[in-house]
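Please read the structure below before turning to the comments.
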Amino acid sequence: MSEQEEEIDLASLSDEELVQQMHDDLYDGLKDEVVEGVEILLERGWEPYRVLTNALVDGMTIVGIDFRDGILFVPEVLLAANSMKAGMSILRPLLAQTGAPKMGKMVIGTVKGDIHDIGKNLVGMMMEGAGFEVIDLGINNPVENYLAALEEHQPDILGMSALLTTTMPYMKVVIDTLVEMGLRDRYIVLVGGAPLNEEFADAIGADAYCRDAAVAVETAGALIKRRHNQLAAMAS
Ligand code: B1M
């Protein structure tokens, strides 16, 4: 750490300066500083969701741009990702503590060949906060993992994440397998990840594409409600 970095007293910064500094610290992979920044913003009364989006997600967006442009490389991005995860781990229990009524169950995982998990983790956190039980399968999941988890946990929703154009087609492998096994209609299938879009979700037979974690929560709630209404109509 340089002398200049050591001199910065995060608590003395205004909210705006602190968020800016947290973007820089995330970029530099300074985990302890990112954690301290999260704690300070919470102490100042910021809502956990605001800390998550303004300080962490926006910071990671800057990292993503410089990664794309060849200014940052994998080791630096890994450090940034670990700092982001450390910040998220403080927010996770706070986001889950909303006391929301139980909404349903979701199994979620990143698809085979793909090790990106920050976005998936964020979706899981937000879903828990909205009252869903979340079973997280982690990264690099072959179809067998999804099938085993669906059988074991009998969720309402299957969520899949992919961040690479080379791994997103694997979502279709999972959905096609569900169709072949006659299981597709049992689950609401939601997909997400930066390279996806609605057309892709339609083309592979998912129920919906979720642009971000907030949309995932909204979509999950709406589709579960629709499903309950359909079942009630069939029963009457
Ligand atoms: Co990777 N990487 N990466 N990377 N990486 C991208 C995705 C990339 C776009 C960077 C770039 O070039 N600009 C690029 C993909 C290009 C492409 O395919 N078109 C890329 C590449 C090329 C690679 C490698 C191939 C690099 C290499 O090795 N040469 C390699 C691949 C490894 C692999 O998976 N096999 C690789 C590796 C890595 C790291 C390990 C260094 C690290 C991952 C660490 C980790 O996740 N633990 C990493 C990172 C951090 C990124 C970027 C910079 C950031 C991703 C991120 O965490 N975003 C990323 C650039 C970018 O996306 N702009 C990039 C923040 C997160 C909150 O957003 O994940 O989009 P996101 O999630 C959002 C939504 O998409 C949505 O909600 C989330 C929250 O709002 N969502 C869902 C996501 N999943 C969902 C599931 C749902 C619903 C919504 O289910 C219901």
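The values are calculated or read from the model by the stated rules, or taken from the named source; none is laboratory data. What you see is a predicted model; the values in this text were computed from it and never measured. Counting neighbours? That spans all protein chains shown, and the Cβs are built from the backbone with ideal geometry, glycine included. Accessible surface areas use protein heavy atoms only, side chains included; no ligands, DNA or RNA. Shrake-Rupley method; radii C 1.70, N 1.55, O 1.52, S 1.80 Å.
Some observations on this one:
- From its DSSP helices (H runs of at least four residues, each -39,500 (n - 2.57)), the chain gives a residue-normalised ellipticity at 222 nm of -17500 deg cm²/dmol.
- Largest to smallest principal axis extent of the C-alpha atoms in the chain, angstrom: 67, 39, 29
- Between Ser12 and Glu76, the C-beta separation translates, for a Förster distance of 30 Å, into a calculated FRET efficiency of about 0.65.
- Distance between modelled label sites at Gln20 and Glu199, nm, 7 Å Cα→Cβ extension: 4.0 nm
- Pairwise Lys count, the chain - Cα closer than 14 Å, eight or more residues apart or different chains: 6
- Shown for the chain: the carbon plus sulfur share of the solvent-accessible area, taken with all protein chains present and a 1.4 angstrom probe, equals 53%.
- Full-stretch length increase - Asp32, Leu231 - with 0.36 nm per residue and alpha-carbon distance subtracted: 66.7 nm
- When Rg and the Kirkwood Rh are both derived from Cα coordinates, the Rg/Rh ratio for segment 41-82 amounts to 1.12.
- Span-rule helices in the chain, defined as complete DSSP H runs reaching 27 Å or more along the axis (Cα) with Kyte mean at least 0.0: 74-96, 213-235
- Linear extension gain, Ala214 paired with Asp69, 0.36 nm per residue minus alpha-carbon span: 49.4 nm
- For peptides 77-84, 163-170, sequence by mean Cβ density within 10 Å, most packed first: 77-84, 163-170
- Between Ala222 and Arg184, the distance separating the two model label sites (each 7 Å from Cα on the Cα→Cβ line) works out to 2.2 nm.
- Alpha-carbon centroids, segment 1-72 and segment 96-156: separation in whole Å: 27 Å
- Dipole of the chain, positive direction: furthest Cα of Ala214, Leu52, Gly64, with charges on the beta-carbon: Ala214
- Convex hull of alpha carbon positions in segment 188-236: directionally averaged projected area 3.5 nm².
- The listed residues Phe67, Phe73 rank as Phe73, Phe67 when sorted by accessible area, largest first, using a 1.4 Å probe.
- Exposure ranking of Phe200, Phe132 by accessible area [1.4 Å probe, largest first]: Phe200, Phe132
- Only Cα sites of segment 1-129 enter the Debye sum here, all with the same form factor; the resulting log10 I(q)/I(0) across q = 0.11, 0.15, 0.22 1/Å is -0.41, -0.73, -1.33, listed in q order.
- Segment 95-204, accessible area per residue, ligands and nucleic acids excluded (1.4 Å, Å²): 45 Å²
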